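Visitor: I'd like to ask some things about the structure below.
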Amino acid sequence: MSDGEQLAYQDVGARIGELVGRLMDHPDESVGERVTELLDWVDVFHREGLTQLVGLVEKWRGEIFLESAAEDPVAGTLLDAYDLRDLILPDGPAGAPPAPPPQPTVVQIRKRDR
């Protein structure tokens, strides 16, 4: 991780995939096994939390909020990663015109001191 590296949000997934691939190809097989376990736990953590959050918002009649979240370029990407957009918008946005192309969101990571 470089100090101050920036990526457009839509490129973060590809970068994660690239880093995971490099770790999975590490000569020490235990590194790949640990990476797989880590990804499994992160997936469970996010998937269960997001699914529960979507359910709670729906319970409180937050359909308009969820539709907005599903159409947001950042939140929608996260919901897509866990197959939750179709749960929120099974037939697509109701009567909504196509959204304009989103402005790219840039995220930045900082190098942690060891």
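Visitor: Can you pull a Stokes-Einstein diffusion coefficient for region 5-70 at 25 °C (0.890 mPa s), Rh from Kirkwood over Cα pairs, as a whole number of µm²/s?
Guide: Using the Kirkwood radius from Cα pairs, D works out to 170 µm²/s.
Visitor: Between L7 and residues 5 or more places away or on another chain, which pairs have amide H atoms under 5 Å apart, with H built 1.01 Å from N, and which residues are they?
Guide: V107
Visitor: Using Cβ contacts closer than 10 Å as the measure, can you line up I64, I88 from fewest to most?
Guide: If I rank by nearby Cβ atoms, fewest first, I get I64, I88.
Visitor: A further question on this structure: With r as the distance between the Cβ atoms of E18 and D72 and R0 = 22 Å, compute the FRET efficiency 1/(1 + (r/R0)^6) and round to 0.05.
Guide: Approximately 0.30, to the nearest 0.05.
Coordinate-derived values only; no laboratory data. Bear in mind the structure is a predicted one, so any value in this text is a computation, not a measurement. Positions of Cβ are generated from backbone atoms using ideal geometry, with glycine treated the same way; all protein chains shown enter the neighbour counts.
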